[in-house]
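Enquirer: Below you will find the structure I want to go over with you.
The values are calculated or read from the model by the stated rules, or taken from the named source; none is laboratory data. This is a predicted model, so every value here is computed, not measured. Neighbour counts are summed over all protein chains in view; Cβ atoms, including those assigned to glycine, are modelled from backbone coordinates with ideal geometry. Heavy atoms of the whole protein, side chains included, go into the accessibility calculation; ligands, DNA and RNA do not. Shrake-Rupley method; radii C 1.70, N 1.55, O 1.52, S 1.80 Å.
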Amino acid sequence: MRKGRLFIISGPSGTGKGTICKRIVQEDPNIRFSVSVTTRNPREGEIHGRDYFFISKDEYMLLLEQDGFLEHASVYGSTLYGTPKEPVQKWLEEGTDVILEIDVQGAFQVKKNEPDCVMIFILPPSLEELKARILKRGSETEETMAARLGEAQKEIDQAPLYDYQVVNADLDRAVEEVRGIIEKERNK
Ligand code: ADP
Ligand code: 5GP
């Protein structure tokens, strides 16, 4: 049986990755979203097990010791994130495609072990618009906002290393573009 394909979506905070991924998985039954673990607090409206598994640092360290991560990284200072290995491997074996919404460090860890993965970078139309989107989401304090914007340019600098770059100006068009990339890669 054909194995599933692994798609990685990265981009700076607030660029619309989560919104795009939600649309893709809602409309395509052949692709699953990998729910990451994180040590950050849930935002208003985020649900444990749907958006993230919100765990303590001790629980995270235990998973790390047990070799439970496909990849893992510390993003924006001390916040820890990771992709649980087991569900992703199971879906791929079953022939289901998987989307990982992860940062640049994690993306390159995965690429090393799974060279066939498809890397897609989502760019904001401008840094001003990126800031406006993070503000609109209302999720950050002044300090965490500064950390996220501080990292944004460094992350954007890595975009050329990805297989595809998609500018998320108009949401519908960006979703269509990502969907087109997925279809094209499936047919390779
Ligand atoms: P990320 O997952 O990259 O951090 P989100 O998906 O949480 O970003 O999006 C950040 C904010 O920007 C959300 O409020 C979302 O509704 C909004 N947003 C996403 N895409 C667009 C777009 N194309 N135009 C305007 N606002 C957008
Ligand atoms: P947020 O806190 O805004 O949800 O995510 C912050 C950053 O962490 C984003 O760049 C997001 O892609 C990244 N991220 C989320 N989950 C994971 C993960 O499992 N692994 C890695 N390496 N990064 C992640």
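Enquirer: I'd like the Karplus ³J(HN,Hα) series for the stretch 136-141: coefficients 6.51, -1.76, 1.60, θ = phi - 60°, whole numbers in Hz, and an x wherever there's a Gly or Pro.
Expert: With the stated coefficients, the stretch 136-141 comes to 4, 5, x, 9, 10, 7 Hz.
Enquirer: Hey, another quick one. First compute the accessible area of the stretch 1-129 with a 1.4 Å probe, then give the percent of it belonging to carbon and sulfur atoms.
Expert: So the carbon and sulfur contribution to the accessible surface is 50 percent.
Enquirer: Hey, another quick one. Quick one: among Asp58, Asp97, Asp163, which has the greatest mean-square fluctuation in a GNM of the chain with alpha-carbon springs under 10 angstrom?
Expert: Taking springs between Cα atoms under 10 Å, the residue moving most is Asp58.
Enquirer: Let me ask something else. What's the magnitude of the charge dipole for the stretch 6-186 around its Cα centre, counting Lys and Arg as +1 and Asp and Glu as -1 at the beta-carbon? Answer in Debye, nearest 20.
Expert: It comes to approximately 260 debye.
Enquirer: Turning to a different aspect of this structure: Please go through the residue pairs Lys85/Lys184; Lys112/Lys154; Lys22/Lys57; Lys85/Lys131; Lys22/Lys90; Lys57/Lys111 and name each one whose alpha carbons sit more than 24 Å apart in this structure.
Expert: Lys85/Lys184; Lys22/Lys57; Lys85/Lys131; Lys57/Lys111
Enquirer: Kirkwood-based Rg over Rh for the stretch 19-99 (C-alpha set), two decimals?
Expert: 0.98
Enquirer: Continuing with the same structure: Considering the chain as a Gaussian network with a 10 Å cut-off on Cα pairs, which listed residue, Ile99, Ile55, Ile20, attains the greatest mean-square fluctuation?
Expert: Of the options given, Ile55 has the highest mean-square fluctuation.
Enquirer: Shifting gears a bit: Enter the accessible area per residue of the stretch 6-186 (Å², integer; probe 1.4 Å; all protein chains in place).
Expert: 52 Å²
Enquirer: Roll a 1.4 Å probe over the protein heavy atoms and report the accessible area of Thr141 in Å², nearest 10.
Expert: Number for this one is 80 Å².
Enquirer: When only alpha-carbon atoms count, how far does the stretch 6-186 stretch along each of its three principal axes, as whole angstroms with the largest first?
Expert: 42, 41, 30
Enquirer: Among Arg133, Arg148, Arg50, which one moves the most in a GNM of the chain with springs linking Cα atoms closer than 10 Å?
Expert: Sorting by GNM fluctuation, first place goes to Arg50.
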